Structure formats: structure tokens, C-alpha cells
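Have a look at the structure below, then the notes.
The values are calculated or read from the model by the stated rules, or taken from the named source; none is laboratory data. This one's a predicted model, so the numbers in the text were calculated from it and none came from an experiment. Virtual Cβ from ideal backbone geometry, glycine too; neighbours counted across all protein chains shown. Each accessible area value is taken on the protein alone, full model and side chains, heavy atoms only, with ligands, DNA and RNA left out. Shrake-Rupley method; radii C 1.70, N 1.55, O 1.52, S 1.80 Å.
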Amino acid sequence: MHSRHPRTTGASDAEADAWADVLVRYSLLHSAVRAPNGQWLVQHTPDAPALIVDGPAAMVDLAADIQHRIRTTRTRIR
């Protein structure tokens, strides 16, 4: 996963937690659970395999990618 706009600072655990909560709350992910080692287990749908997201920066990048997909899809629909 490559960020479209590289950050100048690293993502914090709190920021990643907040984004994970938002993504699940708005049904953009089925689940996102932080493992004790700092990685995240995410599922896009209930029957999808769990994917490993490696750390808070990767979780924030995932949120950015999902936002980008939503925005580009909305633009095409208009």
C-alpha cells in the first residue's frame, strides 16, 4: 500500500485506533482489531479472510486509500 501524500510525521496508535473505529462504524470495514504486537487484523466483509496491516502508519494509509476510492467513485457517478 503506497500513500498518495507521504506524511512528514509517523501515525500514532491513537490516530490508527480512531481511523479503525471510523472505518468499522461506517461499514467501510467489517472489523479492525489491533494485535498486541502493533499489527492490525482487518476484514473487509464478514466472509473475507483477515488481512494483516503492519502498524499504525499502515492503518492510516488504509483509511486514506479507502477515502480516495470513495471520492473517485462519487466523482464518476456525478
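Residues of the range 10-21 being in contact with a helix residue (DSSP H, G or I) (Cβ under 7 Å, 6 or more places away or on another chain), outside any loop (DSSP other than H, G, I, E, B) and open to solvent by 50 Å² or more (accessible area, probe 1.4 Å), which ones? Working first, answer last.
Here is the first cut: in the range 10-21, the ones in contact with a helix residue (DSSP H, G or I) (Cβ under 7 Å, 6 or more places away or on another chain) are 10-13, 15-16, 19-20.
Within this subset, residues satisfying the condition of being outside any loop (DSSP other than H, G, I, E, B) are 13, 15-16, 19-20.
Passing the criteria: 13, 15, 19.
Just give me the residues in the range 1-48 being among the acidic types (Asp, Glu) and modelled with pLDDT under 95, in sequence order.
Filtering the range 1-48 down to residues among the acidic types (Asp, Glu) leaves 13, 15, 17, 21, 47.
Listed by number, the list holds a single entry, 13.
Please name all residue pairs, on different chains or six or more residues apart, with Cβ atoms under 6 Å, provided the first residue is in the range 30-44 and is closer than 12 Å to residue 13 by Cβ and the second residue is surrounded by 15 or more Cβ atoms within 10 Å (Cβ to Cβ) and among the β-branched types (Val, Ile, Thr).
Short answer, once both residue conditions are applied: 40/53.
Restricting the range 22-33 to residues that are hydroxyl-bearing (Ser, Thr, Tyr) and in a loop (DSSP other than H, G, I, E, B), which is most open to solvent (accessible area, probe 1.4 Å)?
So the residue we want is 26.
Return the residue satisfying two criteria in turn: it lies in the range 58-78 and is β-branched (Val, Ile, Thr) and modelled with pLDDT under 75, and of such residues it is nearest to residue 37 (Cα to Cα).
Only one residue tops the list, namely 75.
Can you pull out the residues in the range 34-57 that are in a strand (DSSP E or B) and surrounded by 17 or more Cβ atoms within 10 Å (Cβ to Cβ)?
Of everything in the range 34-57, those that are in a strand (DSSP E or B) and surrounded by 17 or more Cβ atoms within 10 Å (Cβ to Cβ) turn out to be 34, 40, 42, 53.
Looking at (1) within 11 Å of the chain's Cα centre (by Cα); (2) on the phi > 0 side of the Ramachandran plot, which one does residue 38 not meet, given that it meets all the others?
Condition not satisfied by residue 38: (1).
Being closer than 17 Å to residue 12 by Cβ, open to solvent by 30 Å² or more (accessible area, probe 1.4 Å) and of a type outside the set (Gly, Ala, Ser) is the filter here, so list the residues in the range 58-78 that pass it.
Within the range 58-78, just 61 meets the criteria.
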